[in-house]
1. Please arrange LYS131, LYS113 by how many other C-beta atoms lie within 10 Å of their C-beta, fewest to most.
2. Can you sort CYS91, CYS107 so the residue with the fewest Cβ neighbours within 10 Å comes first?
3. Roughly how tilted is helix 103-117, in degrees to the nearest 10 and between 0 and 90, from the longest Cα axis of the chain?
4. Under 17 Å Cα to Cα from LYS95, which lysines show up? Leave out anything in the same chain fewer than 8 places away.
5. Out of ASP115, ASP79, ASP134, any idea which swings most in a Gaussian network model of the chain, alpha carbons joined below 10 Å?
6. Where a Cα-Cα gap under 15 Å defines reach, which aspartates and glutamates qualify for LYS28, not counting those fewer than 8 residues away within the same chain?
7. Under 10 Å, Cα contacts only: if you run a Gaussian network model on the chain, which one of ASN57, ASN87, ASN35 comes out with the highest mean-square fluctuation?
8. Using the 10 angstrom Cβ neighbour count as an exposure proxy, how do LEU88, LEU67 rank, fewest first?
Amino acid sequence: MKVIENASYTAKNLLTYRGTHDPRGSQKMFAQMKNYIERNEAQISGHIISVMYSSDNATRVSDRQILIPLDREIPPTGDFAFKLELNLHDCLMVKHRGNPLLMMYACDALLGKADELGYEIEHPIYYVITKEPDYENPDYLEVEAYAVMSK
């Protein structure tokens, strides 16, 4: 698996939410975010970004942030914040295409490359979902994983 050095990623006008949920709760929250975007007559203008801060494998509960890029700024609410821009620079990046359950191997490659280069990860890994699973092929996902590095 090829890990790309010095990668960057930028997104603008991001509706964000951070919370602790199981997978079903995360899907519900994403649906609520989409409804809020529609009520504000905005459009999703890029790839959905997910950041996992922690997870419990036994309960399948994770502390996760969802960032959705929009075509324009909309007002924040009690649940959702708004971020004008996300700039990831000096990252290691790896692409994963295939079964979502195998994403861990892409992350292992990314972390292995960081160790090889003597880098430390500054933040949690940002997952840019370039193709979501669908009903016809739920075992296929495309994701770019970005890890911000420092020496």
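No lab work stands behind these numbers, since they all come straight from the coordinates. Just so it is clear, the model here is predicted, and its values are computed rather than measured. So basically every Cβ, Gly included, is an ideal-geometry build from the backbone, and we count neighbours across all protein chains shown.
1. On the way: LYS131 12, LYS113 20.
Going from least to most buried by this count: LYS131, LYS113.
2. Details: CYS91 23, CYS107 17.
Lowest count first: CYS107, CYS91.
3. Here the helix axis deviates by roughly 50 degrees.
4. Of all the lysines, those that pass the test against LYS95 - Cα under 17 Å, at least 8 places apart if same chain - are LYS2, LYS113, LYS131.
5. Highest fluctuation among the options: ASP134.
6. ASP63, ASP79
7. Residue with maximal mean-square fluctuation among ASN57, ASN87, ASN35: ASN57.
8. On the way: LEU88 18, LEU67 22.
By the 10 Å Cβ count, ascending: LEU88, LEU67.
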